[in-house]
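The values are calculated or read from the model by the stated rules, or taken from the named source; none is laboratory data. Just so it is clear, the structure is predicted and the values come from calculations on it, not from any experiment. For neighbour counting, all protein chains shown are included, and Cβ atoms are generated from backbone atoms with ideal geometry for every residue, glycine included.
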Amino acid sequence: MLGYSLRRIIYTIPVLLGVSLVCFALVHISPGDPLISILPADASVELQDRLRVLYGFDRSYPEQFLLWLGRALQGDLGTSIATGRPVTAEVINAVGNTLLLAAVATFVGFVLGCFFGFVAGYFSNSPMDKAASAAAVFGVSVPHYWLGMVLVIIFSAQLGWLPASGAGPGGSSQWKLDAEHISYLILPALTMSVIPMGIIARTVRALVAEILAQEFVIGLRARGLSEFGVFLHVVKNAAPTALAVMGVQLGYLLGGSILIETVFSWPGTGMLLNSAIFQRDLPLLQGTILVLALFFVVLNLLVDIMQSALDPRIKR
Amino acid sequence: MTVPFLSIKNLGVTFKGGTRPVRAVNDVSLDIAPGEAVALIGESGSGKSVTMRAVMRLNPEKRSQLDGQILVGGRDVMEMSTRQLSKFRGSEAAMIFQEPLLALDPVYALGDQIVEAIRRHEVISRDKARARALELFEQVRIPSARSRLDNYPHEMSGGMRQRAMIALALACRPKLLLADEPTTALDATVQIQVLLLLRELQRELGLSILFVTHDIGAAIEVADRIAVMYAGQIVEEASARDLIRTPRHPYTLGLLKSRAHDAMVKGTKLDAIPGAPPDLANLPDGCPFSPRCFLADGGCRTGKIGIEQISAGHQARCRRLDQTVFRDAG
């Protein structure tokens, strides 16, 4: 177990290196000069050159990459071109908000998805299965920005129960656990949870149906286990895969659903990426992508380790 | 014969849900005395496993319909409530399966599965149940039993897994053991070991055993009596000795002749029964074996064929028994 975990941790190092290289390259391959957007149209050539040297854009790509990587390892992701603030602070702030949103959405999606999945799998081909499967398909296929807007129209504009956008008083940096802040969280989290709900429900349905068709379920009944006892065995058999899917979903949502965060003006990574792209803010873009990729890798690592703890067949 | 421990009377099992109902078991009656081992043999799809599963009502409830009567220790299994049924399963009757890798939960250690089964039926501490699991592992002769308790099914060899499965089945001291082709998935040398172990446990614990197999050799090794099934019916039943020496049903004869045996000379053809078993959703009139039978005449193809008593404990479902005095078929 410990050996396996250590090995998995060591495997992430080359992955992270590759990720940082790709994310540096992607940003630099794309056309356009980042400085043009912040300089006035009539800026002198000397000024352009000075800024270029200041941001290090005059050096060769490998040099830039190594410098950037070296600083990144010390926690310095450079300075945002658009705002002039350190990228690290901006990203950490946004990641915190997105993490909150994504965690709540994944949790809600996981609970609902498992519920629908188990119902559908246990009563497969019954009307209940049809209804639960329909809910899952709806979750996977409905356009989320559209759903978000519909929810805003119903619950904010018409009923006036919930705020339509933002993260609550204090903006992005002062989130607190109180009723007012939670009310701002409900609509975006609900909208976001629909994606993992659908995917997890479908996965769990397939898993449960497959497990129930296995002979060991008859074996369990032949030992005199009650239906609830059999259910617990099914849960333990389904758990590794279901949790893995949940982990991957959390990873995707951490990338910040750009559309949902834009609809709700949620100050997370999605919004940050959105503005970084439009302003051609290279350091911010690079930094955000790197941090998100880092999260994704760490999350996958956690899922792998958790899976090996739950499924004895993975260990060795 | 003493009062049977297991008594199946006119059992019928019909599977619904397909385009046509499938009559998998048709009018099967079978008694097993306390401490007796009976083998049910037949080819795939003859209804032997379905019959055995019916004894514990393990066939899918929604899709199958049972009729007839099954008495175990004097209690009618058909009449049991869900709660009574789950109490009965595992403690009165237990089952071992063909492929233990599929029949054991892959994500629970074997010791834990045994402890779970014991604690399901008895009020007993975890430690005591574990001590008993260890005894069971030793009883079925699993080497280094203590450390093997923590093994998962995939960490054991096939023979070892089947031993563990037997230990699990015996965990709550059942009086009836249902064995569904327990040696089919094992290689030949391990088969013998498992059969001998079953035989030994049966004597030691006074178990009644219903042993389903399509391996006649294995049936002879374990069983006191053998019943031959064809198309959902028992076509012949006799003591193991009588059945081998003087088979009376043409199907039994065909089965015995189709075995490979020592006396076979290289180049000789194996005697096979011509044709294929009938479609259980569309059984022919009369004797279901008649289309493949070398003795069948017009009378075999209509009406219901009854069971004929041949001698004490030997009976067959055939109306041409006057023509079927075979000698030394095997």
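Can you find, within the range B:58-79, the residue that is surrounded by the most Cβ atoms within 10 Å (Cβ to Cβ) among those that are within 14 Å of chain A (Cβ to nearest Cβ) and in contact with a Ser or Thr (Cβ under 9 Å, 6 or more places away or on another chain)?
The extreme case among them is B:VAL72.
Of all residues in the range B:1-13, which are surrounded by fewer than 18 Cβ atoms within 10 Å (Cβ to Cβ) and in contact with a strand residue (DSSP E or B) (Cβ under 6 Å, 6 or more places away or on another chain)?
Within the range B:1-13, B:LYS9, B:ASN10, B:GLY12 meet the criteria.
Are any of the residues in the range A:225-248 outside any helix (DSSP H, G or I), surrounded by 21 or more Cβ atoms within 10 Å (Cβ to Cβ) and at the interface with chain B (Cβ under 10 Å from one of its Cβ atoms)?
Yes, that holds for at least one residue.
I'd like the full set of residues that are at pLDDT 80 or above, exposed (fewer than 12 other Cβ atoms within 10 Å of the Cβ) and of a type outside the set (Phe, Trp, Tyr), limited to the range A:61-87.
A:PRO62, A:GLU63, A:GLY70, A:LEU73, A:GLN74
Need pairs with beta-carbon distance below 6 Å; first residue under 13 Å from B:GLN315 (Cα atoms) and within the range B:222-238, second in a strand (DSSP E or B) and among the small types (Gly, Ala, Ser); sequence gap 6+ or separate chains.
B:ARG225/B:SER239; B:ILE226/B:ALA39; B:ILE234/B:ALA227; B:GLU236/B:ALA316; B:GLU237/B:ALA227
Output the residues belonging to the range B:30-69 that are more than 22 Å from B:ALA219 (Cβ to Cβ) and in contact with an Asp or Glu (Cβ under 9 Å, 6 or more places away or on another chain).
Scanning the range B:30-69 gives B:GLY68, B:GLN69.
Name the single residue that is farthest from B:GLY35 (Cα to Cα) among those in the range B:103-123 being more than 25 Å from the chain's Cα centre (by Cα) and at the interface with another protein chain (Cβ under 9 Å from one of its Cβ atoms).
Taking the range B:103-123 and keeping what is more than 25 Å from the chain's Cα centre (by Cα), we get B:107-109, B:111-112, B:115-116, B:119-120, B:122-123.
Next cut, at the interface with another protein chain (Cβ under 9 Å from one of its Cβ atoms) only: B:107-109, B:116, B:120.
Values: B:VAL107: 35, B:TYR108: 32, B:ALA109: 31, B:GLU116: 27, B:ARG120: 25 Å.
Looking at residues that are more than 25 Å from the chain's Cα centre (by Cα) and at the interface with another protein chain (Cβ under 9 Å from one of its Cβ atoms), I get B:VAL107.
Taking the condition buried (at least 23 other Cβ atoms within 10 Å of the Cβ), in a helix (DSSP H, G or I) and of a type in the set (A, V, I, L, M, F, W, C), does A:LEU253 pass?
In short, yes.
Residue check, B:SER86 against (1) facing another protein chain (nearest Cβ under 8 Å); (2) more than 19 Å from B:ARG173 (Cα to Cα); (3) surrounded by fewer than 24 Cβ atoms within 10 Å (Cβ to Cβ), all met but one. Which one?
Of everything listed in (1) facing another protein chain (nearest Cβ under 8 Å); (2) more than 19 Å from B:ARG173 (Cα to Cα); (3) surrounded by fewer than 24 Cβ atoms within 10 Å (Cβ to Cβ), B:SER86 misses just condition (2).
Can you find, within the range B:35-57, the residue that is surrounded by the most Cβ atoms within 10 Å (Cβ to Cβ) among those that are of a type in the set (A, V, I, L, M) and more than 14 Å from chain A (Cβ to nearest Cβ)?
In this case the residue turns out to be B:LEU40.
Taking the conditions exactly as written (within 12 Å of chain A (Cβ to nearest Cβ), more than 22 Å from B:ILE192 (Cβ to Cβ) and surrounded by 21 or more Cβ atoms within 10 Å (Cβ to Cβ)), does B:PRO100 satisfy them or not?
no
Give me a count of the residues in the range B:278-300 that are surrounded by fewer than 15 Cβ atoms within 10 Å (Cβ to Cβ) and either among the basic types (Lys, Arg) or outside any helix (DSSP H, G or I) (or both).
6
Please verify whether A:GLN286 is polar (S, T, N, Q) and within 14 Å of chain B (Cβ to nearest Cβ), treating the condition exactly as stated.
In short, no.
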